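Can you keep this structure in mind? I'll have questions shortly.
The values are calculated or read from the model by the stated rules, or taken from the named source; none is laboratory data. Just so we're clear, the structure is a prediction, and the values are computed from it rather than from any experiment. With ideal geometry, Cβ positions are generated from the backbone for all residues, glycine too; neighbour counts draw on all protein chains shown.
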Amino acid sequence: MMSSFSKVVLMSENVRINYVELPAADLEAIESFYKNAFGWSFTSYGPEYLAFNDGQNNGGFYRANRSSSTENGAALIVLYATDLEACEQSVFDAGGRIIKPIFSFPGGRRFHFADPNGNELAVWSEPVQ
């Protein structure tokens with residue numbers, strides 16, 4: 001029989017989002033963008049795959065002539081930033097395209113951007129106090 005503690009541990013580790021993959025035609029441009037915009041680190045696994053770590057989570061970019069966007073029915077990956085305005089500027093400075101400038105929603109504020117491959121992501125923060 002499983003103890004309550006074991007159930008809690010299993011629930012905290014089991015069936016959680018563990019890895020995210022996105023398409024990218026130009027892996028070098030993607031690496032440069034995410035390093036400059038957010039400071040992510042990368043490991044190349046040859047010409048077709050580039051893994052990333054954002055300091056907490058892992059994922060990767062696979063070489064493909066496609067992009068991920070909510071307009072096409074893709075899931076939206078949402079990052080968190082303590083300073084939303086500075087993050088939006090960093091995305092812009094690194095070569096990202098702002099799709100939806102900062103707007104409020106119940107519980108916070110966010111913006112959406114496209115990386116150099118056209119993948120859509122969002123960044124959110126708490127509401128301004």
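So, of the residues in the range 78-129 that are of a type in the set (S, T, N, Q) and surrounded by fewer than 17 Cβ atoms within 10 Å (Cβ to Cβ), which turns out to be farthest from Leu50 (Cα to Cα)?
The residue in question is Gln129.
Within the range 84-93, is even one residue touching a residue at least 12 places away in the same chain (Cβ under 8 Å), farther than 22 Å from Thr43 by Cβ and in contact with a Pro (Cβ under 9 Å, 6 or more places away or on another chain)?
Yes, there is a match, as at least one residue in the range 84-93 is touching a residue at least 12 places away in the same chain (Cβ under 8 Å), farther than 22 Å from Thr43 by Cβ and in contact with a Pro (Cβ under 9 Å, 6 or more places away or on another chain).
Can you pull out the residues in the range 73-98 that are under 17 Å from Pro23 (Cβ atoms) and either part of a strand (DSSP E or B) or touching a Lys or Arg at 6+ places or on another chain (Cβ under 9 Å) (or both)?
Ile77, Arg97
Consider only pairs whose beta carbons are under 6 Å apart and that are at least six residues apart or on different chains; among these, list those whose first residue lies in the range 110-129 and is within 13 Å of Glu85 (Cβ to Cβ) and whose second residue is of a type in the set (Lys, Arg) and surrounded by fewer than 20 Cβ atoms within 10 Å (Cβ to Cβ).
Phe111/Lys100; Ser125/Arg109
If I go through the range 72-91 residue by residue, how many of them are under 23 Å from Ala29 (Cα atoms), modelled with pLDDT of 95 or more and over 15 Å from the mean Cα position of the chain (by Cα)?
Going through the range 72-91 one residue at a time, the tally reaches 2.
Could you please find all residues in the range 36-65 being under 22 Å from Ile99 (Cβ atoms), surrounded by fewer than 16 Cβ atoms within 10 Å (Cβ to Cβ) and in contact (Cβ under 8 Å) with a residue 40 or more places away in the chain?
Correct list: Asn36, Ala64, Asn65.
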